[in-house]
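Every number in this text was worked out from the coordinates using simple rules, so none of it is lab data. What you are looking at is a predicted structure, and each value in this text was computed from that prediction instead of being measured. FYI the Cβ positions are ideal-geometry reconstructions off the backbone, even for glycines, and counts take in every protein chain you see.
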Amino acid sequence: MRPKSKKPRKICCALALERFQPALIRPSPKWLDEDYLVIDIQSANHDDGRPPTAEELLRQYGDQITQLVRGELTPLSATERDEILRGALSYYPTDLIVVGWAAALVYDKPDATSAIIDLLEYANTQLLEFATTTKCSPASFRTSIARWRAAKAFFPAGACPAAPAA
């Protein structure tokens with residue numbers, strides 16, 4: 001179980017870091033921290049008791065879902081909404097995951113969500129490691145990806161040049 005406060009978490013990590021110090025190569029003196037919200041919907045039902053399908057959730061709540069995973073207070077444009085929802089994944093009719101930079105929405109059975117949350121945590125760890133090793137902040141990495149997507153959308157398939165410089 002993870003500590004609820006960041007302070008006990010930092011103390012635990014600092015103690016572990018001290019213990020593993022001899023095995024570390026070029027440890028970063030800077031404390032890395034990236035907040036990421038996971039909205040875990042484990043049960044949702046229609047009035048008749050049946051669970052909604054992923055398709056129904058996206059159709060009815062797509063605007064709100066896209067705002068949540070991007071961390072936005074105002075509705076997004078239709079183009080941005082469609083871009084986010086194109087990446088939505090569903091294996092069974094009643095499961096769904098929509099991943100954004102700020103958050104992810106996970107809709108699945110309670111016993112299935114912990115593995116997804118662990119995977120999201122690992123992906124964020126990799127992003128932080130990339131940001132540290134390349135001296136590129138997660139925010140500027142996101143900006144580069146957004147610029148690359150914009151350039152890709154502008155050019156015909158196969159004709160997209162490298163992403164513009166930041």
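Taking L57 and the conditions (1) free of Cβ contacts under 8 Å to residues at least 60 places away in the same chain; (2) of a type in the set (A, V, I, L, M, F, W, C); (3) part of a strand (DSSP E or B), which numbered condition does it fall short on, given that it satisfies the others?
With respect to (1) free of Cβ contacts under 8 Å to residues at least 60 places away in the same chain; (2) of a type in the set (A, V, I, L, M, F, W, C); (3) part of a strand (DSSP E or B), L57 is out only on (3).
If you take the residues in segment 34-45 that are exposed (fewer than 10 other Cβ atoms within 10 Å of the Cβ) and either in contact with a Leu (Cβ under 7 Å, 6 or more places away or on another chain) or not hydroxyl-bearing (S, T, Y) (or both), which one is nearest to T133 (Cα to Cα)? First the steps, then the outcome.
Of segment 34-45, the ones exposed (fewer than 10 other Cβ atoms within 10 Å of the Cβ) are 35, 43, 45.
Then keep just the ones that are either in contact with a Leu (Cβ under 7 Å, 6 or more places away or on another chain) or not hydroxyl-bearing (S, T, Y) (or both); that gives 35, 45.
Working: D35: 19, N45: 45 Å.
If we take residues in segment 34-45 being exposed (fewer than 10 other Cβ atoms within 10 Å of the Cβ) and either in contact with a Leu (Cβ under 7 Å, 6 or more places away or on another chain) or not hydroxyl-bearing (S, T, Y) (or both), then D35 is nearest to T133 (Cα to Cα).
Rundown of residues vs (1) on the phi > 0 side of the Ramachandran plot; (2) in contact with a helix residue (DSSP H, G or I) (Cβ under 8 Å, 6 or more places away or on another chain), yes/no style:
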{"residue": "R26", "(1), (2)": "yes, no"}
{"residue": "L68", "(1), (2)": "no, no"}
{"residue": "G71", "(1), (2)": "yes, no"}
{"residue": "T74", "(1), (2)": "no, yes"}
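Quick check on I25: is it loosely packed, with under 11 Cβ neighbours inside 10 Å, within 30 Å of C13 (Cβ to Cβ) and of a type in the set (V, I, T)?
Judged against the criteria, I25 is a match.
Taking segment 6-43, which residues are assigned to a loop (DSSP other than H, G, I, E, B) and in contact with a strand residue (DSSP E or B) (Cβ under 7 Å, 6 or more places away or on another chain)?
Matches in segment 6-43: Y36 only.
Taking the condition of being surrounded by 12 or more Cβ atoms within 10 Å (Cβ to Cβ) and over 10 Å from the mean Cα position of the chain (by Cα), how many residues in segment 98-113 meet it?
Step one: of segment 98-113, the residues surrounded by 12 or more Cβ atoms within 10 Å (Cβ to Cβ) are 98-109, 112-113.
Then drop every residue that is not over 10 Å from the mean Cα position of the chain (by Cα), which leaves 106-109, 112-113.
Total satisfying the criteria: 6.
Just need a number here: residues in segment 108-133 that are touching a strand residue (DSSP E or B) at 6+ places or on another chain (Cβ under 8 Å), assigned to a helix (DSSP H, G or I) and not aliphatic (A, V, I, L, M). Before the answer, list the steps.
Going residue by residue through segment 108-133, those that are touching a strand residue (DSSP E or B) at 6+ places or on another chain (Cβ under 8 Å) are 108, 113, 116-117, 120.
Going one step further and asking which of them are assigned to a helix (DSSP H, G or I), we end up with 113, 116-117, 120.
Now narrow it down to the ones that are not aliphatic (A, V, I, L, M): 113.
Qualifying residue count for the region: 1.
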